[in-house]
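Enquirer: Okay, handing you the structure first.
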Amino acid sequence: MAALTIGLTAILSLLFIVLGVFLVRGKFLELIAGYKKLSEEDKKSDSVRKIGKAAGIFLFVVAFLMVASVVIVQLFPAARTAVLVVLFLSMLVGITCVFMMKR
């Protein structure tokens, strides 16, 4: 079971990192919700690139948290509950930051 968890985490983390690199560089912006409904001039604006950069950085953070949680649980099996609590709190902080940026 541990090998499956480590393998899936590695695959998903690499996928998130690759997608994050593309988004930070301004590629694959079509993956962002609502992009196709924008006008051509809006698609070329800096605001869309900034959203792509923010989404890419978010994917880097998620990949790091996934890897860190699996490593910590493998090294310290008794810390499983603490890792879940920290991941939950980090999600709450992330969601709060997103809503604060909209204002």
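The values are calculated or read from the model by the stated rules, or taken from the named source; none is laboratory data. In this text, all values refer to a predicted model and were calculated from it rather than measured experimentally. Positions of Cβ are backbone-derived with ideal geometry, glycine not excepted, and every protein chain shown enters the neighbour counts. SASA here: full protein model, heavy atoms, side chains in, ligands and nucleic acids out. Shrake-Rupley method; radii C 1.70, N 1.55, O 1.52, S 1.80 Å.
Enquirer: Do we have Gly20 as touching a helix residue (DSSP H, G or I) at 6+ places or on another chain (Cβ under 7 Å), in a helix (DSSP H, G or I) and either touching a residue at least 24 places away in the same chain (Cβ under 8 Å) or open to solvent by 90 Å² or more (accessible area, probe 1.4 Å) (or both) here?
Expert: yes
Enquirer: What about Leu92, is it surrounded by 11 or more Cβ atoms within 10 Å (Cβ to Cβ) and either touching a Leu at 6+ places or on another chain (Cβ under 6 Å) or part of a helix (DSSP H, G or I) (or both)?
Expert: It is false that Leu92 is surrounded by 11 or more Cβ atoms within 10 Å (Cβ to Cβ) and either touching a Leu at 6+ places or on another chain (Cβ under 6 Å) or part of a helix (DSSP H, G or I) (or both).
Enquirer: Within segment 51-74, does at least one residue satisfy the condition of being modelled with pLDDT of 85 or more, farther than 19 Å from Leu23 by Cα, surrounded by fewer than 11 Cβ atoms within 10 Å (Cβ to Cβ) and of a type outside the set (Ser, Thr, Tyr)?
Expert: no
Enquirer: From the residues in segment 23-50 that are exposed (fewer than 11 other Cβ atoms within 10 Å of the Cβ) and in contact with a helix residue (DSSP H, G or I) (Cβ under 8 Å, 6 or more places away or on another chain), which one is farthest from Ala68 (Cα to Cα)?
Expert: The residue in question is Lys36.
Enquirer: Hey, Ala33 hits all of (1) closer than 25 Å to Thr96 by Cβ; (2) assigned to a helix (DSSP H, G or I) but one; which does it fall short on?
Expert: Going through the list (1) closer than 25 Å to Thr96 by Cβ; (2) assigned to a helix (DSSP H, G or I), Ala33 breaks only (2).
Enquirer: What are the pairs, 6+ residues apart or on separate chains, where a residue within segment 50-77 that is on the phi < 0 side of the Ramachandran plot has its Cβ under 9 Å from a residue that is modelled with pLDDT of 85 or more and basic (Lys, Arg)?
Expert: Partner pairs satisfying both residue conditions: Gly52/Arg25; Gly52/Lys27; Lys53/Arg25; Gly56/Arg25.
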